[in-house]
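Structure, as structure tokens:
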Amino acid sequence: MQARARAAINKKRKFVADGVFFAELNSFLTKELSEQGYSGVEVRVTPTRTEIIIRATKTQDVLGDKGRRIRELTSVVQKRFNFPENTVELYAERVASRGLSAIAQAESLRHKLLEGLAVRRACYSVMRIAMESGAKGVEVIVSGKLRGARAKSMKFVDGFMIHSGQPSIDFIDFATRNVLMRQGMLGIKVKIMLPAENGKRGKMPLPDNVTILEPKEDAVPAAVPVAVPVATL
């Protein structure tokens, strides 16, 4: 990405090049690390090198025996994107809560369908795991040739889900996957509404969250002695 940035003429081309790099890197890691519970990637660019942080549920499998797998991935990324020697580093980071990661749950659902589990049972299992992990709401959609020759879509919803506004960006984790079955291709969509303390921008309440404070107790003023004049005869 540093080589692309240097070659860029203006900011527009740089943003497009960075977006293409991220999309291609994410696609590559999704295919390579699907069995290891791949849940996303973060790219950090410093003046001296580029750090790529891979989020996964099985970090030990991402690292490999004595770090062999992570070195192989580093070499492939370096050659594919023309990074100079020793300017790119790959790290593995464990997902804090697997049940709140839409990518991890979509991959889990994909493997369950490939193993032959019924669609309804697999979807309810994914939703139960997400809700037990603290999610405020879950939505799972599976579409394609589920049983008969005609394609249809099945939608499963649990909890509270928002679909518009800024909170849908801050609190909704979304993932899509494709599953090649014997009867054809199935599409999977997983949406998880994160709790307020696990939002994408840190701990923040929903805009419509209203907190009613208890009224303060009124302090009773102390009685002040008043001097009464004495009548003179």
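The values are calculated or read from the model by the stated rules, or taken from the named source; none is laboratory data. Owing to the predicted nature of the structure, the values given are computational and were not obtained by experimental measurement. Note that we place each Cβ from the backbone using ideal geometry, even for glycine, and neighbour counts take in every protein chain shown. All accessible areas refer to the heavy atoms of the entire protein, side chains included, with ligands and DNA or RNA removed. Shrake-Rupley method; radii C 1.70, N 1.55, O 1.52, S 1.80 Å.
Descriptive notes on the structure:
- When 216, 200 are checked against the criterion of being more than 30 Å from residue 116 (Cβ to Cβ), free of Cβ contacts under 8 Å to residues at least 24 places away in the same chain and not polar (S, T, N, Q), a single residue qualifies: 216.
- Checking each residue in the range 73-115 for being over 20 Å from residue 36 (Cα atoms) and open to solvent by 10 Å² or more (accessible area, probe 1.4 Å) picks out 78, 79, 80, 81, 82, 83, 84, 85, 86, 87.
- Of all positions in the range 189-209, at least one carries a residue that is of a type outside the set (Asp, Glu), closer than 30 Å to residue 146 by Cβ and either over 14 Å from the mean Cα position of the chain (by Cα) or open to solvent by 70 Å² or more (accessible area, probe 1.4 Å) (or both).
- Test: residue 175 is touching a residue at least 12 places away in the same chain (Cβ under 8 Å) and within 27 Å of residue 18 (Cβ to Cβ): yes
- Scanning the range 212-225 for residues that are open to solvent by 90 Å² or more (accessible area, probe 1.4 Å), among the small types (Gly, Ala, Ser) and more than 17 Å from the chain's Cα centre (by Cα) turns up at least one hit.
- Condition check for residue 188: in contact with a Lys or Arg (Cβ under 7 Å, 6 or more places away or on another chain) and at pLDDT 80 or above: yes
- Here the strands (runs of 3 or more DSSP E) wholly within the range 71-162 that include at least 1 residues being touching a residue at least 40 places away in the same chain (Cβ under 8 Å) and of a type outside the set (A, V, I, L, M, F, W, C) are 88-94, 137-144.
- Scanning the range 28-59 for residues that are within 16 Å of the chain's Cα centre (by Cα), assigned to a helix (DSSP H, G or I) and at pLDDT 85 or above turns up just one, 29.
- The set of residues from the range 33-70 being of a type in the set (D, E, K, R), more than 18 Å from residue 22 (Cβ to Cβ) and in contact (Cβ under 8 Å) with a residue 12 or more places away in the chain comprises 35, 58, 61.
- Test: residue 48 is among the hydroxyl-bearing types (Ser, Thr, Tyr) and open to solvent by 40 Å² or more (accessible area, probe 1.4 Å): yes
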